[in-house]
1. Does the range 181-203 include one or more residues that are in contact with a strand residue (DSSP E or B) (Cβ under 9 Å, 6 or more places away or on another chain), more than 24 Å from R96 (Cβ to Cβ), at pLDDT 95 or above and β-branched (V, I, T)?
2. Mind listing whichever residues of the range 10-57 are in a strand (DSSP E or B) and either in contact (Cβ under 8 Å) with a residue 60 or more places away in the chain or in contact with a Gly (Cβ under 9 Å, 6 or more places away or on another chain) (or both)?
3. Restricting attention to the range 81-116, which residues are aliphatic (A, V, I, L, M), out of contact with any helix residue (DSSP H, G or I) (no Cβ under 6 Å at 6 or more places or on another chain) and within 23 Å of G165 (Cβ to Cβ)?
4. Counting only residues that are touching a helix residue (DSSP H, G or I) at 6+ places or on another chain (Cβ under 8 Å) and more than 9 Å from A151 (Cα to Cα), how many does the range 121-130 have?
5. Among the residues of the range 150-162, are any surrounded by 15 or more Cβ atoms within 10 Å (Cβ to Cβ), farther than 24 Å from S121 by Cα and of a type outside the set (F, W, Y)?
6. Which of the residues belonging to the range 4-60 are in contact with a Ser or Thr (Cβ under 7 Å, 6 or more places away or on another chain), surrounded by fewer than 21 Cβ atoms within 10 Å (Cβ to Cβ) and farther than 25 Å from G165 by Cα?
7. Given the conditions (1) more than 23 Å from E102 (Cα to Cα); (2) not in a strand (DSSP E or B), and given that L150 satisfies all but one, which numbered condition is not satisfied?
8. Regarding D138, is this residue acidic (D, E), surrounded by fewer than 20 Cβ atoms within 10 Å (Cβ to Cβ), part of a loop (DSSP other than H, G, I, E, B) and at positive phi?
Amino acid sequence: MTTLGIIGAGHIGSALARGLTARGYDVVIANSRGPETLSALVEELGPRARAGTAEDAAAAADVAVVTVPLKAYQDIPVAPLAGKIVLDTNNYYWERDGRIAELDDKRATTSGLLQEHLPESKVAKAFNHITASQIGTDGTPAGTPGRRALATSSDNPEAVEFVTGLYDEFGFDTVDVGPLAESWRVERDQPAYGVRQDRDELVGNLARAQR
């Protein structure tokens with residue numbers, strides 16, 4: 001069974017850990033405060049989950065999830081994630097992260113920054129424009145009218161394929177935004193960000209995005 005290494009145990013990381021273990025995935029989850037602080041969460045998640053350091057999660061991962069405040073993205077281990085698919089849920093909140101000139105000047109994207117930090121990994125934007133509480137509640141079977149859609153973006157087709165399959169397992173359709181250079185279309189303050197939308201609505205919102 002595939003092991004997901006989740007680096008970041010906040011609302012999104014915890015929600016994904018719950019959803020993944022419920023679907024039969026093994027999970028190694030880490031936060032910045034140490035594995036011992038995750039004992040209650042791991043007990044809740046059951047035998048498919050264990051806590052570790054960020055290095056542990058990265059090393060154990062077949063696929064990793066980076067879900068930390070954007071200001072901490074450069075703390076993500078690099079070497080153990082080489083060659084691996086890395087799902088990036090990050091968003092830029094300058095009020096929390098401090099000003100990042102490349103993003104303020106529209107010269108970069110949040111996921112593009114992580115890809116630069118992880119040059120040998122296959123970064124894909126995923127689960128960034130849905131709230132944690134909705135990850136486990138908004139999914140519906142394939143073919144359901146009005147099924148919610150989520151966007152992904154990557155420079156690597158294998159990563160897009162993985163996200164597409166995972167979204168479907170969680171009950172969501174997928175819209176591929178294209179390469180990471182286009183992933184700004186689903187970032188904060190764009191029409192697609194944070195709203196419930198089906199596939200057609202998401203495609204329209206992505207097209208209406210302005211940088």
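1. Taking every residue of the range 181-203 in turn, at least one turns out to be in contact with a strand residue (DSSP E or B) (Cβ under 9 Å, 6 or more places away or on another chain), more than 24 Å from R96 (Cβ to Cβ), at pLDDT 95 or above and β-branched (V, I, T).
2. Within the range 10-57, the subset in a strand (DSSP E or B) is 26-30, 49-51.
Residues satisfying the conditions are V27, V28, I29, A30, A51.
3. Selection gives A82, V86, L87.
4. Taking the range 121-130 first, the residues touching a helix residue (DSSP H, G or I) at 6+ places or on another chain (Cβ under 8 Å) are 121-129.
Add one more test, that the residue is more than 9 Å from A151 (Cα to Cα), and what stays is 121-124.
Total satisfying the criteria: 4.
5. The initial filter retains those residues of the range 150-162 that are surrounded by 15 or more Cβ atoms within 10 Å (Cβ to Cβ), namely 150-156, 159-162.
The next check asks that each one be farther than 24 Å from S121 by Cα; those that pass are none.
No, the range 150-162 contains no residue that is surrounded by 15 or more Cβ atoms within 10 Å (Cβ to Cβ), farther than 24 Å from S121 by Cα and of a type outside the set (F, W, Y).
6. Passing the criteria: P35, L41.
7. (2)
8. Numbers: acidic (D, E): yes; surrounded by fewer than 20 Cβ atoms within 10 Å (Cβ to Cβ): yes; part of a loop (DSSP other than H, G, I, E, B): yes; at positive phi: no.
For D138, the condition - acidic (D, E), surrounded by fewer than 20 Cβ atoms within 10 Å (Cβ to Cβ), part of a loop (DSSP other than H, G, I, E, B) and at positive phi - is not met.
The values are calculated or read from the model by the stated rules, or taken from the named source; none is laboratory data. Since we're looking at a predicted model, the values are computed, not measured. With ideal geometry, Cβ positions are generated from the backbone for all residues, glycine too; neighbour counts draw on all protein chains shown.
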